[in-house]
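In what follows, a structure is listed as structure tokens, so that the remarks can point back to it.
What follows draws every value from the coordinates through simple rules; no lab data is involved. Keep in mind the model is a prediction, meaning the values are calculated, not measured.
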Amino acid sequence: MSIRLMKGAARPSVAMNDNGRLKSEWKHLFTTFPDRFVFGSESMYGSPISSRFDNQFVLYQKLLAQLPPDVARKIASENALSIYPLGGSN
């Protein structure tokens with residue numbers, strides 16, 4: 001699912017309001033289904049254009065800070081680790 005944090009999408013799909021607060025319906029969705037979300041980026045770390053996405057990562061951090069710690073951990077990293085075998089054990 002693509003998560004639009006503030007701009008660039010139709011109003012109902014924007015997760016945060018203009019003041020950077022997570023909308024209550026989105027908080028309910030994240031806390032009810034914490035295993036169903038991951039954050040991603042179209043930026044490659046260290047690439048010449050990666051700095052264009054710095055603001056997006058700041059917004060992700062603001063969103064995660066408004067969630068319970070266990071939900072934030074799942075969305076920020078644990079869910080991705082369950083999908084992609086990044087641990088190196090084959």
5 angstrom amide H check on Met16, placed H, neighbours 5+ away: Met6, Lys23
Segment 15-24 - phi-based ³J(HN,Hα) in whole Hz, Karplus 6.51/-1.76/1.60, Gly and Pro as x: 6, 10, 7, 5, 8, x, 8, 5, 5, 4
In whole Hz, the Karplus estimates of ³J(HN,Hα) for segment 66-75 (6.51, -1.76, 1.60; θ = phi - 60°; x where Gly or Pro) are 9, 10, x, x, 5, 5, 4, 4, 4, 5
